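*Asks:* One structure, as structure tokens, below. Some questions next.
The values are calculated or read from the model by the stated rules, or taken from the named source; none is laboratory data. Predicted model only: the values in this text are computed from it and were never measured. Neighbour counts are summed over all protein chains in view; Cβ atoms, including those assigned to glycine, are modelled from backbone coordinates with ideal geometry. Heavy atoms of the whole protein, side chains included, go into the accessibility calculation; ligands, DNA and RNA do not. Shrake-Rupley method; radii C 1.70, N 1.55, O 1.52, S 1.80 Å.
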Amino acid sequence: MRVRSKICGITRVEDALAAVEAGADAIGLVFYAKSPRAVSVEQAAEIVQALPPFVTSVGLFVNMPREQLLAVLQQVPLDLLQFHGDESPAECEGYGRPYIKALRVRPGENVAAAMAPYAGARGILLDTFVEGVPGGTGAAFDWSLVPQGVARPIILAGGLEAHNVAAAIRQVRPYAVDVSGGVEASKGIKDAGKIRAFVKSVRDAQCDGD
């Protein structure tokens with residue numbers, strides 16, 4: 001099965017289009033004010049408007065109050081929601097959008113057990129646990145903790161770059177991979193060359209493994 005790729009932390013139209021041109025399947029928009037990759041509603045709406053068809057727009061939220069999130073959705077037609085905080089399954093539902101739930105993996109964690117409550121999620125994104133940081137740490141976790149044969153698709157994140165994503169794909173066999181800092185020139189500003197190299201590495205890994 002083809003592994004999908006998502007370029008997260010997009011803040012500019014030109015970076016979104018660079019991801020599209022490279023062949024990425026999805027782009028991520030961060031609605032978390034403390035992140036250096038945060039976007040305003042106006043920025044996000046402009047970026048989504050510029051996307052061609054069949055490229056998924058994903059909105060990343062961290063414990064955002066329901067009323068505030070609904071207000072975002074009234075102005076930004078996101079395809080998919082990504083919950084990166086402590087949201088319960090009930091708090092992830094009821095927005096009229098499919099969602100994925102991000103789980104931050106600690107050393108020795110039973111990932112399958114942590115995934116189990118989110119049966120309604122379209123997928124589970126596994127990222128690295130760093131105290132006080134909900135995501136975008138640039139650090140990898142122990143990929144051997146990723147369970148095999150689970151019901152929900154796995155999206156692998158955390159410290160991925162062009163040089164290590166092939167190894168990650170061969171070991172984990174995820175449904176998709178997610179990168180942010182690994183394709184940046186600076187925080188929030190993407191490097192088109194790094195995006196192309198990352199997506200190419202994803203594709204080459206699949207060819208090698210087939």
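*Asks:* At a 1.4 Å probe radius, carbon and sulfur cover how many percent of the accessible area of segment 1-107?
*Replies:* About 53 percent, which is the carbon plus sulfur part of the accessible surface.
*Asks:* How big is the charge dipole of the chain about its Cα centre, in debye rounded to the nearest 20, if each Lys and Arg gets +1 on its Cβ and each Asp and Glu gets -1 on its Cβ?
*Replies:* 260
*Asks:* So what's the chain giving for Cα Rg divided by 2.2 N^0.38 Å, two decimals?
*Replies:* Expressed relative to 2.2 N^0.38 Å, the Cα Rg reads 0.94.
*Asks:* State to the nearest 20 debye the size of the charge dipole of segment 72-188 about its Cα centre, where the only charges are +1 on K and R beta carbons and -1 on D and E beta carbons.
*Replies:* 300
*Asks:* I'm checking a number: the convex hull volume of the Cα atoms of segment 108-202, normalised per residue, in Å³. What is it?
*Replies:* That works out to 107 Å³ per residue.
*Asks:* Where in segment 17-113 are there trypsin sites (Lys or Arg not before Pro) that are in a DSSP coil and have at most 16 other Cβ atoms within 10 angstrom of their Cβ?
*Replies:* Passing both the DSSP loop test and the Cβ count: K34.
*Asks:* Can I ask one more? Normalised by the number of residues in segment 1-156, what is the relative contact order in percent for Cα pairs under 8 Å and 6+ residues apart?
*Replies:* After rounding, I find 15 percent.
*Asks:* While we're on this one: Using θ = phi - 60° and the Karplus curve 6.51 cos²θ - 1.76 cosθ + 1.60, what whole-Hz ³J(HN,Hα) does each residue of segment 116-121 get, with Gly and Pro shown as x?
*Replies:* Per residue, the Karplus-derived 3J(HN,Hα) values read 3, x, 9, 5, x, 6 Hz.
*Asks:* If the elastic network links every pair of Cα atoms under 10 Å, which of L80, L60, L70 fluctuates the most in the Gaussian network model of the chain?
*Replies:* Comparing L80, L60, L70 in the GNM, the peak value goes to L70.
*Asks:* Stick to Cα atoms and the Kirkwood definition of Rh, then tell me Rg/Rh for segment 1-66.
*Replies:* Ratio of gyration radius to Kirkwood radius for segment 1-66: 0.98.
*Asks:* Between V41 and E93, with labels modelled 7 Å along Cα→Cβ, what's the label distance in nm to one decimal, could you check?
*Replies:* 2.7
*Asks:* Another one. Can you give the extra length, in nm with one decimal, that the chain gains between R106 and D79 once fully stretched, where that is 0.36 nm per residue apart less the Cα-Cα distance?
*Replies:* The span from R106 to D79 would gain 6.8 nm if fully extended.
*Asks:* Determine, at each q value in 0.13, 0.21, 0.24, 0.25 (inverse angstroms), the log₁₀ of I(q)/I(0) that the Debye formula gives when each Cα of segment 52-150 is one equal point scatterer.
*Replies:* Cα-only, vacuum Debye calculation for segment 52-150: -0.49, -1.14, -1.34, -1.40.
*Asks:* Continuing with this model, one more query. Which whole-number value in Å² is the accessible area per residue of segment 5-58, probe 1.4 Å?
*Replies:* 42
*Asks:* I would also like to ask the following. At 222 nm, what value in deg cm²/dmol follows for the chain if DSSP H runs of at least 4 each add -39500 (n - 2.57) and the sum is divided by all its residues, to the nearest 500?
*Replies:* -9000 deg cm²/dmol
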